[in-house]
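To keep things clear, I will list the structure first and then write my remarks on it.
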Amino acid sequence: MSSVLQTELGRLFDAGRLREPRGFESAAAEVVVEPASLDEIGELVRKCERDRICVAPIGACRTLRCLRSAPVSAGVSLIQMAGVIAHEPDDMTVVVGAGATLAALEAVLARHGQHLPVDPPFPDQTTVGAMLGAAHSGLTRLSAGTVRDFLIGVQFVGHGGKAVRGGGRVVKNVAGYDLMKVMIGSFGTLGIITEATFKLRPLPELYAIAIGYHCAPAEAFETGFRLHDALALLHLELLSPGIRTPLTREGQYLLAAGVGGNRKDADYQLEEIRRLQPGTLILEGADARRFYRVLRDAELPQAPLRMQIAALPRQLPSCLDRPGLQFRAHAAAGVAQLALDDAETAAGIRRAAADARGHARVLSLQPALRGLIPIFDQPPSGALKLMRRLKAAFDPAGIFNPGCFVGGI
Amino acid sequence: MEDGLRGSGIDSGLRADLEALVGADAVVSRRSELKVYECDGWTIEKNAPDLLVMPRSTEQVSAILRLLHRRGVAFVPRGAGTGLSGGCLPLAAPVMICTSRMNRIVSIDLSNRRVEVQPGVVNLHVTDAVRPQGYFYAPDPSSQSACTIGGNIAENSGGPHTLKYGVTANHVLGVELVLPDGEVVELGGPAEEKLGYDLAGAVVGSEGTVGIVTRATLRLMRAPQSYRTMLALFDDVDTATRAVSKIIADGMVPGAIEMMDRLIIGAVEAAFHVGFPPGAGAALIVELDGLAAGLDDHASRAAELMRSCGARSVELARDEAQRQLLWKARKRAFGAVGRLASNYATQDGVVPRTRLPDILREITAIAARYRLRIGNVFHAGDGNIHPIVLYEERDADETRRAIEAGREILKACLAMGGSLTGEHGIGVEKLAEMPLLFSPDDLRVMAELRAVFDPDNRSNPGKVLPRPGSCVEVSAPRRQVPL
Ligand SMILES: Cc1cc2nc3c(=O)[nH]c(=O)nc-3n(C[C@H](O)[C@H](O)[C@H](O)COP(=O)(O)OP(=O)(O)OC[C@H]3O[C@@H](n4cnc5c(N)ncnc54)[C@H](O)[C@@H]3O)c2cc1C
């Protein structure tokens, strides 16, 4: 770490909260600070703007280390701002610090039979800030939506070190411009998210998973779409044979449909699924919950390159139609993550996603591939121009995680 | 109209240039015809535009805005004019651009559950187009048989079924937007993930201040297999609102929970003969929807909860006709109120759901203090209240009291941790209250966001954000809504 920078930041943060990066963090930041208040973040931002020091809010850095080809000077960890600030079980809302992990939040909510139905992998490592910044989502997006459907209020520290709020604490609110939408998926480029307010949902009364095995992806997708049209599935996951789970069968594609509701809702749906997909395996109770976690965290096999694509749902199968391709798909939502060997295949899939009215994003890549394949697609020129203006307006000094977002923002 | 010129770059040349772009039949300049466009459902302030243009295509909108840009002329977009906060009231905008001729459903893709529409398409027409195949467009404002998708996007409109299905923002995937300088941009798209900043998300709810939406990609939903719609009657609003919290806390997610108080029940009964017994203090319409299999169990659970909270009666709609009657009564309740007084003003506040009993008690107290009648018909499941303040416009003192009472109700919402508006928008109506909800820094950043789209402040100027230091005065509350 640069000793000048360290001395400078040392004036703002005492020794315990200014530290060397650890693990993945080192690809994202040269030093890490752990501010404990809005004032401290404000001070830091003003200093960085004055001295043109680049900062990025960091969570576990799993996304950031792929995004950044070189670390920013200072990573801002929100670990000191990780409390559940206000959970109102009867109003079904929660205010939480951006440093809280989803697992910590989930534990608080579950005591009241509630949850935030946004379920990216590894909730014990994923912070609220990272989920918002990277617009992470998971399998339940099919029935519940993504984090943009649940975030009802946001606070962030923006340029000038000023704390800014959008939205509020009520579940329905159209007062003022929607700063929540602007901050979700902004990858730390517009400011440092410090607090979030979510609306919540009750945990389903019952939860079961129906698993089917298919020899070919096309047939698995077809079955999945039919189930999705006929029922009210909580999720529909399709795993290629190379995604190992305790229930994986050699060479088979695993289709996992989630059902919920009350006993009759669940029974009716499971019956329908058995009818439409003979040989269905049913998991209920603790088995279902255990396998849900497996599905949520299912990892792609090691590969030089991993990518996520989004497409019109019915066109997703054609994007994935390559022999031996390893992927996990939120099938009916039109989103999939895939493991790839080389840049050419990636480029081909990227084109296929674009043809299916979608786009692709690189999730991780070997150092050798960096520069050979862009992390993001290029947005259309008009949209990109507005995005550049937004960046300039929210970050006039250009210090917030610069240079690694769409169009080099 | 001399006073309308305001040195704004309007002259006879502009009319001729506009006519050259869109044809003479698409430009209105006669004062008598423009009078129709002098306000929306917020009728306190009126101001007709100097010119009204009715483009037919994105290209025409773009050409119009390029022309206005060159001349430095401000404009105001308009859909059906059902807004309730003065969203399409021309303030410093001489030209009004109405989307009524851009009313085509461009494409329907049922297998992907997407529909692409022009902005002037009426909300209900989207659902009408896909209902036979078993789909629907979820946001259902009570004005849905008149209001447009463009207006819905601008206001981020909700409706009774927002409780389960979310508001407009949850169902708009992408928009084509013509920026105030005439440039056409594509924001978002039909896929579920965003590429770059979620600018389509920022356009939703921006109240016409970022340009003109000329096309939108919307998400369709599969129609529920079945509905159970219940009417529960209570002695008073207190018990009814407690039942609302009880149902939600029990872990159910009903499609809708709507409430009406004694005054509204009386008005609605007189208008629609639903069969409400005289003297009921409060009514809840609770609708559960979903798979047929488990619905009866959900419904009896909800009924049981309401009875345990003191419901006098809980009745299930026997058939689709009766269900439709209940919804008609609810969705046309504002209109029915027209029978009770010459004028009324509809407020749109939000409180945390558990504070509903408190805010309703507060409203009763405010009504007594100001010697006014106030009715309540609202989206109870969301905590989104719509107190309707009755008054006689001819009575200047009562009119003043009606405005004051409305303001006090909104302040009470804020004091309970709520918001100024759940779905009708800030418009001009609530400009003065914005600084009570947001700090100067919040408002500054919102202004920066707006300027990204409209740096010269020519798209619906004077809305949403109060000018720093300005004092907004409203002299009379709005009159009844034209539906
Ligand atoms: C009886 C009644 C019941 C209502 N019930 C509800 C309800 O349940 N829920 C609810 O949310 N609202 C409700 N409303 C309010 C109103 O209907 C909504 O705000 C609606 O979305 C307005 O649509 P509109 O087409 O009439 O828009 P307008 O009133 O014409 O315009 C509204 C705003 O949208 C802007 N705008 C319009 N078209 C475009 C475009 N293409 N591009 C950019 N900006 C545009 C205008 O400039 C203006 O700021 C109700 C109104 C009435 C009269």
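Scanning region B:166-186 for residues that are closer than 24 Å to B:Gly381 by Cβ, facing chain A (nearest Cβ under 9 Å) and part of a strand (DSSP E or B) returns no hits. Is it the case that B:Ala202 is of a type in the set (A, V, I, L, M, F, W, C), within 30 Å of B:Pro455 (Cβ to Cβ) and in a helix (DSSP H, G or I)? Yes. Screening A:Ala353, A:Ala332, A:Ala347 for residues that are free of Cβ contacts under 8 Å to residues at least 40 places away in the same chain and either within 11 Å of another protein chain (Cβ to nearest Cβ) or in a helix (DSSP H, G or I) (or both) leaves exactly one candidate, A:Ala347. Within this structure, A:Val362 passes the test of being closer than 18 Å to B:Gly196 by Cα and more than 9 Å from chain B (Cβ to nearest Cβ). The helices (runs of 4 or more DSSP H) located wholly in region A:240-324 that include 2 or more residues which are surrounded by fewer than 18 Cβ atoms within 10 Å (Cβ to Cβ) and under 21 Å from the mean Cα position of the chain (by Cα) occupy A:285-297. Taking the criterion of being in a helix (DSSP H, G or I) and among the acidic types (Asp, Glu), the residues of region B:390-403 that qualify are B:Asp397, B:Glu398. Screening B:Gly189, B:Gly275, B:Gly255, B:Gly208 for residues that are more than 10 Å from chain A (Cβ to nearest Cβ) and over 22 Å from the mean Cα position of the chain (by Cα) leaves exactly one candidate, B:Gly275. Of the residues making up region A:186-209, just one is crowded, with 24+ Cβ neighbours inside 10 Å and at the interface with chain B (Cβ under 7 Å from one of its Cβ atoms), namely A:Ser186. One residue alone among B:Ala63, B:Ala80, B:Ala48, B:Ala92 is among the small types (Gly, Ala, Ser) and more than 30 Å from B:Leu431 (Cα to Cα), and that residue is B:Ala63. Take B:Asn170 and tell me if it is at pLDDT 95 or above, touching an Asp or Glu at 6+ places or on another chain (Cβ under 7 Å) and either within 15 Å of the ligand (Cβ to nearest atom) or within 16 Å of B:Leu65 (Cβ to Cβ) (or both). Yes; evaluated as a whole, the condition is true for this residue.
Filtered by the rule that a residue be at pLDDT below 95 and over 22 Å from A:Val171 (Cβ atoms), region B:430-450 gives B:Leu431, B:Ala432.
Just one of A:Thr93, A:Thr63, A:Thr101 is under 30 Å from A:Leu203 (Cα atoms), of a type in the set (Ser, Thr, Tyr) and not assigned by TED's automatic domain parsing to the domain that holds A:Gly167; which is it? One residue alone meets the criteria, A:Thr63. Here A:Pro379 meets each of (1) surrounded by fewer than 21 Cβ atoms within 10 Å (Cβ to Cβ); (2) within 9 Å of chain B (Cβ to nearest Cβ) with one exception, condition (1). Out of region B:390-445, which residues are within 10 Å of another protein chain (Cβ to nearest Cβ), surrounded by fewer than 23 Cβ atoms within 10 Å (Cβ to Cβ) and within 16 Å of the ligand (Cβ to nearest atom)? Residue satisfying the conditions is B:Met434 alone. Can you tell me which residues in region B:228-252 are part of a strand (DSSP E or B), under 27 Å from A:Tyr268 (Cα atoms) and either of a type in the set (A, V, I, L, M, F, W, C) or within 14 Å of chain A (Cβ to nearest Cβ) (or both)? Residues satisfying the conditions are B:Arg228, B:Met230. Kindly indicate whether B:Val286 is within 14 Å of chain A (Cβ to nearest Cβ) and outside any loop (DSSP other than H, G, I, E, B). In short, no. Here A:Ala368, A:Ala352 are screened, and the one residue that is crowded, with 17+ Cβ neighbours inside 10 Å and of a type outside the set (Val, Ile, Thr) is A:Ala352. Of all the criteria given as (1) assigned to a loop (DSSP other than H, G, I, E, B); (2) at the interface with another protein chain (Cβ under 10 Å from one of its Cβ atoms), the one not satisfied by A:His228 is (1).
When B:Gly151, B:Gly159, B:Gly83, B:Gly166 are checked against the criterion of being touching a helix residue (DSSP H, G or I) at 6+ places or on another chain (Cβ under 7 Å) and closer than 25 Å to B:Ala345 by Cα, a single residue qualifies: B:Gly83. Would you check which residues across region A:101-141 are under 10 Å from the mean Cα position of the chain (by Cα) and over 22 Å from A:Gln155 (Cα atoms) and list them? Those that are under 10 Å from the mean Cα position of the chain (by Cα) and over 22 Å from A:Gln155 (Cα atoms): A:Pro121, A:Gly138.
When only residues in region B:334-351 that are more than 14 Å from every other protein chain (Cβ to nearest Cβ) and away from the ligand (no atom under 14 Å from the Cβ) count, which is nearest to B:Thr421 (Cα to Cα)? For region B:334-351, the residue satisfying everything is B:Asn343. Evaluated against (1) at pLDDT 95 or above; (2) not in a helix (DSSP H, G or I), B:Glu45 falls short on exactly one condition, (1).
Within region A:167-174, is there a residue that is more than 7 Å from every other protein chain (Cβ to nearest Cβ) and modelled with pLDDT of 95 or more? Yes, region A:167-174 contains at least one residue that is more than 7 Å from every other protein chain (Cβ to nearest Cβ) and modelled with pLDDT of 95 or more.
No other residue among B:Val210, B:Val184, B:Val253 is touching a helix residue (DSSP H, G or I) at 6+ places or on another chain (Cβ under 6 Å) and more than 16 Å from the ligand (Cβ to nearest atom) apart from B:Val253.
The values are calculated or read from the model by the stated rules, or taken from the named source; none is laboratory data. Worth saying up front: this structure is predicted, and the values here are computed from it rather than measured. We place every Cβ from the backbone using ideal geometry, glycine too, and count neighbours over all the protein chains shown.
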